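Here the structure comes first, spelled out in C-alpha cells, and everything after it is commentary.
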Amino acid sequence: MWASAGREGHLVSSRTPSTLETRAPTKAQRRGPPALAFGSFGSPAGKCGGDSQAIFLLLLLKEKWVLSRMQQSAAGDRSTAVPSLYPSQASLTADSYYTYRVIEDPEWSLATVPHLTELCLQHIVHNFEKNPILDCLLPEHQRKVLDRLSTGLPLAVTANLISDEDYWKRCCTERWQACDISNYGDSWKQMFFERHLENILKCFIPNTTDPNQVLELIPLCKDYVRKLEVDQFLPPVQMDQKEESDDLSNTGSDFEFGEVSIHHYDLGVLITALPHLEELHLTYGVKDCGMNFEWNLFNFTHQDCCNLAVAVKMCHNLKVFKLTQSKVDDDKTRLLVRNLLDHPCLVELNLSHNLIRDKGAQAVGKLINHSRLQTLDLCNNQIHHLGAQALARALAENSTLTSLNLRLNCVEDKGGEAIGRALLTNTTLKSIHLGSNNLSEPTAMLFSQVLAQNTSLTSINFSCNHLGLDGGKQLLEGLADNKALTEFNLRLAEVGQETEYLIHQIVWANREAARLGSLQHPSAKPI
Amino acid sequence: MMAAAAGWRDPAPALSDPGPQERIAARRRRLAAKRREALGEDVELKVAQVEEEQRRSHKQIEESRQRLAKLLFDGTQMVTNIQVAADLREMQRRAEEAELKLQRVEKLENEAKSSTYKFEEITSKWALAKEMTIPQELWQLLNQQQQQCALLLEEKNKLIGELQQELKNKDEQYVWAIKKQSDDIHLLLERMEEQIRLMLKNYRHELLQIEKAFELERRELLENNRKKWEEAIQAHNAQELEYLHARMRKVEEFEKQLNQLRVQDEEEYNSMKIQLENDVQNLERQLQQMKAVYQLNQEKLEYNLQVLRKQDEENTIIRSQQKRKLNRLHSLLNNLRTKLANQEKQFREENHSLAADCERITGQCKEVQRRMRHFAISDAEKFTEVWLMNEEEAKGLMRKALDADRVIHTQQLGLPWEEPRYWFLNNVGPLGHYKVKRMATKLAAEVLTESSSGGQEEEGREKEKEEVGSEEGGKENTAKVEGRVTPLRNISKRTAKRILELISDESGFLIESKLLRSLQALGRHERTLMKLDSIFAALEIDSEDDLYQLVDFFLKYKAQEMAVSQGEGQISKGGATVTGQLQGRGVLGSPGTRYPQADVEAVGCAGSGTGGILRDPHAESQPACRSGPPAAAELGAVPAARGVPQLRGEQQAALPSHEVDGPEPVLPRGSAVGPRGQGTTFLCPELKLCLEPRLSGKD
C-alpha cells in the first residue's frame, strides 16, 4: 500500500496526519496511513517531475476533504488550527466550495503549508536507512537532509555515504562527552571511526565476542582510521575461573590452568586491513579492574607478541608504534625488533613501562640503525649499563634518531659514560632523557665534555641523579660555551642551587637566542 | 624545594618562546617597514619614527611575553616537579627494595642454612634413636627430637610470619603508595588547574595591558593622523579656495575675451554678410545678363537653324543640279577622251615626221656651222686688219694730243712735261692677251678637283673639257687650260684649295638654309662645290678674277712679299680683270634663266659653237694675242659652255640665285650687239665700261 502510494506520486496534503485522520477517516484509510502520505520518490527526477501531478492531487484531496467537512457537522470550524487549502479568496471565487471554505476559515494562509521540496526532504530523512539519497540532491537540500539525519543510523549506510563533518560531529558529541578533534587530524569522521573501533577492540573478549563485529566494521572504517589507541585488551573469559575468582589471587597454580587460551585478540586481521593506519598505541592490560585484579589479566603472551609483530610488519604506513605497560620483556622485544627491522615508515617507537632488560636494549640498539626511527622511548624499563652501552654504540653511528628517553632505568655511570661518549660523535640527537638512572659525577664529567663539543643537543634531562656538587660545576663549565642547549633539567640532581641557577641562566639565554633565530628564519621565508 | 626553585627563578630574565602577539606585531612592523620602503620614502627617518611610535606597545608586549614565559616555565616546573619527585621516590623505593631484597635473601639463606643444619642434626639423631633400646631414652630422644622439630618449625613459621608481616607491610605500603599517588595526582591536578587559572589570569591581564598600550598608541596615532589630516584638509581647503579664485578670475577673463571675440566676430560677420550680399547681387545681375545672352543666342541659333535649313534645301536643289551637270560633264569627258586618243595618234605621226625634219635640220645646221666657222675666221682676219688700221689712226691722234699737251705744258704753262706712258700706245693688234675669264665657280671646281688628286690633274681637266662639249681639238683645250690656269700659278693649288674649302666651311651663313639642308645628302666634294657656288652668288663673285682677288685677299695675310713681288703683274692684270669682270658680268647674265630651257639650250649650243669656233684661232694666236676673238663671243661661249650644263644638271635649285639684276640680253642678240658694241669698246675700255650698262639697259 505504502509503496504503491509512493509510486503513484501521492503527494502531500497540507493537513497534519492527525487532523486528516479525524476529519476523513474513510479517505485516509483508502489512501493508506496518513503518516505515509508523503510520496516516496525513487529518484530526484520524480521530485522534479511531480509538480504538476502534485497540484492535481492536491485538488483531488481538497475536494475530498471539503466533502468530508460538509458531511460533518456545521461546527467544523471548531479548530482554527485546521489549515485551509485555499490561500485567498480572490483566487478561488470561481468555486462555490472554495468560497464556502473561505467564509469558514478566513485566517488560513499558505505560509503554514510546507513546501513540497521540504516534505520530500523530510521523507528522504525518514527513509534514509532504506533508501539513502544524498549525492543527487542539490547542495542546500543535502544540507537540510544532513541536519535532520539521525545519528543512530547504521554505519553501513552512513559510513561511506556521508562525509559531512557536522553529521559526524553530532555523532561524536552524542556518544562521548569529551571530544578533542585535534588528536584525530581535525576530522570528526575520523574521530568517530577511530574511537568506535577502539571501543569495540577494548570490549572485545576473545572466544566470546563475535569476530565479525570487527570484520564487518573494517570495510566501513578502513578509509578513515589513521590512528588506533587501544589501552585495554580483555583476556578471554574462563567460566570456571570466574567462578572461583575469589580464590584465584591465592592459588598460584591456577595461573597455569588458563594458560592455554589466554591470548588476546589478534590484531593482525584488522591492522593489515587498514591501509591508512599510521599510529598504533597499544596497552595489553585491563583498566578499572578494581578488586577483580588478577595477574593474568595483564599477561602479554608470546603468541600475542608474535601476532602483533607480524601485524606491525605488514602495516607499511605505520609511523608511530607504542606498546606500553604490557610486560614486554627481552624476548618479546627481540621478536618485535626482528619484525620491525628496516620498516619503511616507522618513526617513533615507544616501549616505556615494560620489562626490557639489557638484551632487549641491545636489540633496540640494533633497530636504531636499521630503521628510520627518530624518537625512541624506553622509559621505566630495566636497562642496565650493558644495554645502555649497546644503545650508545648504535647512537654513535646513527644519524636519524633525534630523541632518546631512558628515564627510570638503571643505566648508572658505566652506561651514562658510554652514552656520553657516543654523543661526542653523534650530531643528530637533540633530546636525551637520563633522569633517575643512578648517574653520578663521572657521567657529569663526560657530559661537560659533550656539552662543550656537541652542537645539536638542545635538551638534556638529568633529574633525580646523584651528580653531586662537583659534577654540577663541571656541567656548568662545559655549558659555558654551548649555544645550542635550551633545556637542561637538573632537578633533584644534587648539583647545588647556585650551579643550577647559573646553568638555568645560560640555558635561558640560549633559548632566547634560539627564539630570535627562529623569528628571523621564518621572516626570511615570506620575503 | 618548589618554593626555592620558584624563588631563584623570579629574578631570572624573562626569556621564553615568543608570544603570538609579539610575533604578529613584529611581522606587522616588518610589513609596514617594507611598505614604506616600497613607497620610497625616507626609510631611516620613518623607521626611527616607527621605532619611537611602536616602542610603547612593543615594550609592553615584550614585558608581557617575558612575564608570561616566566610564569609558564615556573608553572610547568611546578607541575613537573611532582613527576620528578615521584620518580625520585620510586628510585629510592627501588633502591630500598633492592636492599631489602638482598637482606631478605641473605636472611633466607641464613635461615635455610641453619635450618638445614638443624634438620641434619635431627636426622642424625634418628639414627641414634634406632640404636636406642631403652624406651625412656628413646622417649627422651623422641621428645628431644620433637622439641627440635617444633623449634625448627617454629623458626620456619616465625620466618613465614615475618615474611607475611613484610607482605602486609608491603600491602600497607602499596596502599600508602596508591594514596600517595592519588594525592600526587590530586596535587598535580590542583596545580594544573591553578596554573591554568593563573595563566589565564595573567594572559588576560597582559592582554589587557597590551590592548591598553595599543589603544593608547592607537589613540595617539589617531590624534596625530587627525591633526595631520586636519592640517592637510585646511591646506587643501586653502588651496581649493585659491584655485577657485584663480578659476573665477580666469572665468572672468575668458568671458571678457569671449565678449571681445563675439563683438569682433559679429563685425566680421556683418561685413562678410554685406560683401556676400553684394556678391549675390552681382551674381544675380550676371545671371540675368547671362540669361539675356542666352535667350539672344537661342534666338540667333534658331534663326541660324532656319537659315541653314533653307540653305540645306537650296543645297539639295543645287546638288541635284550639280549631279545633272556632272553627268553632262562625264559624257563630255568621254568625248574628250576619245578626242585625246585621236589627237595623240595624230601627234605621234606628226612627231615622227618632225623627227625626220629635225635630222635633216641638224645636218643643215652642221653645214651652217662649218660655214659660220669659215666666216668667223675670215671675220677675225678682217677684224685684225680693221683693228690695226684704227689703232694706227688712234695712235697718230694720241701722238698729236700728246704733242699738244707737251706744247701746252712746256710752252704755255712752262711746266716740264713728261710723256705719260700708256700701254695702248705700244699695243699692236686687238687685245689678244685679254684672257678669257672663267666662271669663278668653274675655277673653284677645277681647283678643287685638281688638288684632290695631283696625278689626275690633267686627265680630270680634259674630262671636264670633253664634258663641256668641245669635242674637237683636245690638245688645244689642254693648252688653253694651261694658259688659263696661269694666274693661278702664283698661288699654289693646294693653298687655293685650302682657302676655298675654308670659305665653303666657314661661310655657311651666306648659304640659304633650305639649300644647306638639301646638301646634306650629297658627297663631300659636291657639297663643297655647291656651297661655294651659293657663297659666290651671295658675294657676287662671278668671274675668275673675282675669285683671284678673293684668294689674294686671303693670301695677303699670309705672304706679304709674295704679294709685293706679284704686285705689278696684278695691277696690270687687275685692270684687265676688272674690265673683264665687268664685261663678263654684263654678258654673264645672258645665260640668265628667265628664259625657257630650250632657249638656254639653244643659246648654249650657239655659245659653245661660237666658243668652239672662237677658241681655235685664240689658241693658235695666243702668244701674239693680237687677233683676239671678240670678248663678247668668248665671254658668252664660256658660260654657255660651262655654266649651262651646270645649271641644267646640278644647280636647278639654285637657279633663282643666278638671276642677275635687270633683264639680260639674249645671247644671240648680245652676240649681235657684240659687233655693234665692239665699235665702242674699241675706243676705250673705260667708255665701254660706262656704256655697257646703258646698252644692256637699253636692250
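Coordinate-derived values only; no laboratory data. Keep in mind it's a predicted model, so treat the numbers as computed, not measured. Here Cβ is always computed from backbone atoms with ideal geometry, including for glycine, and neighbour counts include all displayed protein chains.
Gain on full extension, evaluated as 0.36 nm per residue between A:Asn212 and A:Ser456 minus their Cα-Cα distance, stands at 82.8 nm. For B:Leu187 and B:Val293, the difference between the fully extended length at 0.36 nm per residue and the C-alpha to C-alpha distance is 24.3 nm. Put simply, the amide H of A:Lys322, placed in the peptide plane, has neighbours under 5 Å in A:Leu280, A:His281, A:Leu282, A:Asn350, leaving out anything fewer than 5 places away on its chain.
Taking other residues whose beta carbon is less than 12 angstrom from the beta carbon of A:Trp188, and scoring Lys, Arg as +1 and Asp, Glu as -1, yields -2. For the residues of A:494-507, the average number of beta carbons from a partner chain within 10 Å of their own beta carbon is 2. Given +1 at the Cβ of Lys and Arg, -1 at the Cβ of Asp and Glu and no other charges, the dipole of the stretch B:245-355 around its Cα centre is 1240 debye to the nearest 20.
Annotation: extensible slack from B:Glu155 through B:Arg348 equals 48.2 nm (criterion: 0.36 nm per residue apart, minus Cα-Cα distance). A simple rule links phi to the HN-Hα coupling: the Karplus curve 6.51 cos²θ - 1.76 cosθ + 1.60 with θ = phi - 60°, which for the stretch B:394-403 gives 5, 5, x, 5, 4, 4, 4, 4, 5, 4 Hz, with x for Gly and Pro.
Pairs with C-alpha atoms separated by more than 22 Å, drawn from the list A:Lys227/A:Lys287; B:Lys130/B:Lys156; B:Lys130/B:Lys158; B:Lys118/B:Lys170; A:Lys227/A:Lys359; B:Lys107/B:Lys156, are B:Lys130/B:Lys156; B:Lys130/B:Lys158; B:Lys118/B:Lys170; A:Lys227/A:Lys359. Modelled spin-label separation between B:Asp312 and B:Ala95, with each label point placed 7 Å from Cα along the Cα-to-Cβ direction: 16.0 nm. Spacing of the modelled spin labels on B:Glu302 and B:Glu120, each 7 Å from Cα toward Cβ, amounts to 18.8 nm. With a simple spin-label model that places each label point 7 Å from the Cα along the Cα-to-Cβ direction, the separation between B:Leu222 and B:Phe553 comes to 13.2 nm. Between A:Tyr501 and A:Asn183, the FRET efficiency estimated from the beta carbon spacing at R0 = 41 angstrom works out to 0.65. Cβ-to-Cβ counts within 10 Å put A:Ile460, B:Ile499, A:Ile506 in ascending order as A:Ile506, B:Ile499, A:Ile460, the fewest first. Taking packing as the residue-averaged number of other Cβ atoms within 10 angstrom, the listed peptides A:267-276, B:536-545, B:299-308 run from highest to lowest as B:536-545, A:267-276, B:299-308. Given R0 = 22 Å, the distance between the Cβ atoms of B:Asn169 and B:Glu109 translates into a calculated FRET efficiency of 0.55.
Here the calculated FRET efficiency for B:Ser507 and B:Val386, from their Cβ-Cβ distance with R0 = 41 Å, stands at 0.30, rounded to the nearest 0.05.
A cut-off under 12 angstrom between Cβ atoms defines the neighbours of B:Val307, and their net charge, with Lys, Arg +1 and Asp, Glu -1, is -1.
The order of B:Arg406, B:Arg219, going from fewest to most other C-beta atoms within 10 Å of their C-beta, is B:Arg219, B:Arg406. Averaged over peptide A:513-520, the number of partner chain Cβ atoms lying within 10 Å of each residue's Cβ comes to 3. Taking other residues whose beta carbon is less than 9 angstrom from the beta carbon of A:Glu441, and scoring Lys, Arg as +1 and Asp, Glu as -1, yields -2.
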